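Undergrad: Just passing along the structure, written as structure tokens.
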Amino acid sequence: MEKVNSQNNDYVVIKAIEDGVSVIGLTRGSDTRFHHSEKLDKGEVMIAQFTEHTSAIKIRGNAKIFTRFGEVSSEWKK
Ligand code: TRP
């Protein structure tokens with residue numbers, strides 16, 4: 001199993017508020033690229049961590065994101 005980032009064991013909770021939300025994992029290290037894309041439909045929840053492979057998470061679409069820093073919403077450009 002992949003190791004979680006030793007600096008941060010926190011989970012990020014993403015709840016889709018419409019169909020077709022993408023949760024994209026970006027690689028850790030000198031090369032920053034997409035390595036995983038997960039599609040969520042309305043009401044679906046993904047719970048994820050930062051790991052030795054994942055240093056950033058990009059969310060596209062309307063979703064609620066819960067972290068220890070609080071709650072934030074992602075939205076499509078208007
Ligand atoms: N195999 C990936 C990893 O261990 C799975 C993963 C963890 C992931 N956190 C993620 C994928 C966040 C997308 C978004 O790093």
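The values are calculated or read from the model by the stated rules, or taken from the named source; none is laboratory data. Just so you know, these numbers come straight off a predicted model, no measurement behind them. Backbone-built Cβ (ideal geometry, glycine too); neighbour counts: all protein chains shown. Ligands, DNA and RNA are stripped out before the accessible areas are found, and what is left, the full protein with its side chains, is counted by its heavy atoms. Shrake-Rupley method; radii C 1.70, N 1.55, O 1.52, S 1.80 Å.
Undergrad: Any idea which residue in segment 24-35 is nearest to residue 1 (Cα to Cα), counting only those that are open to solvent by 90 Å² or more (accessible area, probe 1.4 Å) and within 14 Å of the ligand (Cβ to nearest atom)?
TA: Across segment 24-35, the extreme among qualifying residues is 28.
Undergrad: Please pick out the residue among 15, 78 that is surrounded by 15 or more Cβ atoms within 10 Å (Cβ to Cβ), more than 9 Å from the ligand (Cβ to nearest atom) and among the charged types (D, E, K, R).
TA: Every option except 15 fails the conditions.
Undergrad: Let me ask something additional. So the check is Cβ under 7 Å with 6+ separation or different chains; which pairs have a first residue in segment 45-58 that's over 13 Å from residue 4 (Cβ atoms) and a second one that's charged (D, E, K, R)?
TA: Matching pairs, first to second residue: 45/15; 46/38.
Undergrad: Can residue 21 be described as surrounded by 16 or more Cβ atoms within 10 Å (Cβ to Cβ), hydrophobic (A, V, I, L, M, F, W, C) and either away from the ligand (no atom under 11 Å from the Cβ) or without any contact (Cβ under 8 Å) to a residue 60 or more places away in the chain (or both)?
TA: The answer is yes for residue 21.
Undergrad: Let me ask another. Of all residues in segment 61-72, count the ones that are part of a strand (DSSP E or B) and either surrounded by fewer than 15 Cβ atoms within 10 Å (Cβ to Cβ) or charged (D, E, K, R) (or both).
TA: 5
Undergrad: Which of the residues that make up segment 29-60 are farther than 19 Å from residue 19 by Cβ and part of a loop (DSSP other than H, G, I, E, B)?
TA: 29, 30, 31, 32, 33, 50, 52, 53 - these are the residues of segment 29-60 that are farther than 19 Å from residue 19 by Cβ and part of a loop (DSSP other than H, G, I, E, B).
Undergrad: Next up: Go through segment 1-34 and count every residue that is over 13 Å from residue 53 (Cα atoms) and of a type in the set (Gly, Ala, Ser).
TA: 3
Undergrad: Test of understanding: among 23, 4, which residue is more than 29 Å from residue 78 (Cα to Cα) and among the aliphatic types (A, V, I, L, M)?
TA: 4
Undergrad: Let me ask something additional. Name every residue in segment 36-60 that is touching a Leu at 6+ places or on another chain (Cβ under 8 Å) and either open to solvent by 80 Å² or more (accessible area, probe 1.4 Å) or away from the ligand (no atom under 13 Å from the Cβ) (or both), in order of residue number.
TA: Result: 58, single match.
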